[in-house]
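Chemist: This is the structure I have questions about; it appears just below.
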Amino acid sequence: YCLDYLVANQDWLAERLRSLDDAFILFDCPGQIELYTHQETVRSLVHTLSDTHGFRLVAVHLLDAHHCAEVSKYVSGLVVS
């Protein structure tokens, strides 16, 4: 629901972000894969912020260390990212 609200109010979000001047802003997105594979909200928000409003965006995927201890868990983590 929160992401849907941000997508519905993208211009408001862009104004608030622009008021921060040259600050770096971190969006900590939830780890629920359904938000990225089954819904368009995150994709729409990213495209609007970058294409329409000209923000430069970077994505970083962090993987828990215990997923790196076993090959099968590591590969699963890579596939999800």
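A short reminder: the numbers here are calculations on the coordinates, not readings from a lab. Here the structure is a predicted model, which means the values were calculated and not measured. Neighbour counts run over all protein chains shown; Cβ positions are idealised from the backbone, glycine included.
Chemist: Angle check, please: helix 71-80 long axis (alpha carbons) against the longest principal axis of the chain (alpha carbons), in degrees 0 to 90, nearest 10.
Modeler: So the inclination is approximately 20 degrees.
Chemist: Oh, and also: If you take the charge dipole of segment 33-81 about its Cα centre, with +1 on Lys and Arg Cβ and -1 on Asp and Glu Cβ, which of 39, 67, 57 is farthest toward its positive end?
Modeler: 57
Chemist: Here is a follow-up. Nearest 20 debye, what's the magnitude of the dipole of the chain about its Cα centre given +1 on Lys and Arg Cβ and -1 on Asp and Glu Cβ?
Modeler: Here the chain has a charge dipole of around 120 debye.
Chemist: Let me ask something else about it. For the chain, what percent of Cα pairs sit more than 21 Å apart?
Modeler: On the way: 1301 of 3240 pairs.
Tail of the P(r) past 21 Å holds 40 percent of the pairs.
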